[in-house]
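Here is the structure we will look at, set down as structure tokens.
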Amino acid sequence: MEVDLAGAPGWSQLSRDLIEVIFAKLPLRSLVRSAAVCRHWRTVVTDPSFPSPHRRRPWFFIYGHNNVSPHRNQAFAFDPDDSAAAWVPLRLPLCPPDYFSGSGGFFLATTSSSSLLVSPLPRSHLFHPTPPLSFPRSNPLVSVFAPGPKLLVVGGARLIGGLVDIEAPLATEIFDPSTDPSSWQLCPPLPHDFRSGNSSQWLSSALVSGRHFFVHGIYSSLISSFDLHLRSWSPVRLLRPPGVLFSFLLPSRSSTLLLAGLATNPDASPSLFIWSVDSTSLAFDRIGAMPPEMLSQLFDGGADDDSRFASLKCVGLDGLVYVFNEDHSKAYPAAYCQVDGTTCTWRLVPSLPFPVNRFHKVIAFCSPVPLASLFPNFNFTDLI
């Protein structure tokens, strides 16, 4: 039950400006709780002009998919700005998606149908279907970009008779509900060089300056960018620092990119390094490495060979890099690095809440969470 504290002794002395400054420093879940205290605070928090001088970092999401028992699927979210440092279990849709991702404040999922399912974060169960894709696919790269928002679908695997067709390139598709709410726009497909690994299992991606959508081969190190204004792909180039075994391309602040990957180390076991990358020249500079003792905590102590590193994955956004182990052996442990210029600060992520089921596939992503979507009266159709 809400109460009105605006006239209570002490609270009435706080100016609205001071309340806004205090609230802007709170993590999102604390803001929602504050809005439930009284009508005055709810008015402040839900006001569209509510400022945010404290830049909130993107949340980290993990979705575990069980191929045999869909009821064992689980999803969790982690807010790095929340001092409670606790994972938030998320509700899942009744019909489990085949593929799960997130971008720009939205969950994005595909099922056996040809539509893309969209839900505002963190409401992972309130999906709305888009019009059918022109080319149904599994495991595509998906992204949300402004203004709009608009949806982008790149690559993915096309199944024919239960087999993957790698010879038929799938067109890049864009959905802009403001200009055509009934269909997808067709654009040139991912360059042919990516044909042997054109799904999200083999590719990482990064949107830079709201215009250039970079696609990077995790193992091939091939890279190309799609210009969202010109609707064309750049020539394919190679982005492979010396000794890299596999790497993930991540969006950073402004027009720069980050590359996080495992590379050989002449004096020790392979290490997890981070490079800054110029988005125009692709020149790279190593800026940090995960501490060896932290990297070892992501694995069981039994295996000594380098093959154990194959289960490492990286996601990130706005200078935040998450590294996690998609193997169940230690219940999917993770760590993150905050990159500020050339400074890297590493921390372990708390363990997932017990019990954690065993999954056949683990998907993770980073995304901002819009404050408005956390309130019950949020209208999804206002966004898309």
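The values are calculated or read from the model by the stated rules, or taken from the named source; none is laboratory data. What you are looking at is a predicted structure, and each value in this text was computed from that prediction instead of being measured. Methodologically, a virtual Cβ is constructed for each residue, glycine included, from the backbone with ideal geometry; neighbour enumeration extends over all protein chains shown. With ligands, DNA and RNA removed, areas are computed over all heavy atoms of the protein, side chains included. Shrake-Rupley method; radii C 1.70, N 1.55, O 1.52, S 1.80 Å.
Per the listing Val37, Val44, Val118, the residue uniquely at pLDDT 80 or above, open to solvent by less than 60 Å² (accessible area, probe 1.4 Å) and part of a helix (DSSP H, G or I) is Val44.
Is one or more of the residues making up region 178-197 in contact (Cβ under 8 Å) with a residue 60 or more places away in the chain, within 24 Å of the chain's Cα centre (by Cα) and within 29 Å of Gly261 (Cα to Cα)? Scanning region 178-197, I find no residue that is in contact (Cβ under 8 Å) with a residue 60 or more places away in the chain, within 24 Å of the chain's Cα centre (by Cα) and within 29 Å of Gly261 (Cα to Cα), so the answer is no. For region 85-97, residues that are open to solvent by 70 Å² or more (accessible area, probe 1.4 Å) and modelled with pLDDT of 70 or more total 2.
Filtered by the rule that a residue be over 22 Å from Lys313 (Cβ atoms) and part of a strand (DSSP E or B), region 231-267 gives Ser232, Trp233, Arg237.
Scanning region 200-239 for residues that are under 15 Å from Asp278 (Cβ atoms) and open to solvent by 20 Å² or more (accessible area, probe 1.4 Å) turns up Ser209, His212, Ser234, Arg237, Leu238. Candidates Ser200, Ser204, Ser143, Ser183: the one that is modelled with pLDDT of 95 or more and at negative phi is Ser204. Looking only at region 339-372, residues that are within 20 Å of the chain's Cα centre (by Cα) and within 13 Å of Phe78 (Cβ to Cβ) come to 11 in all.
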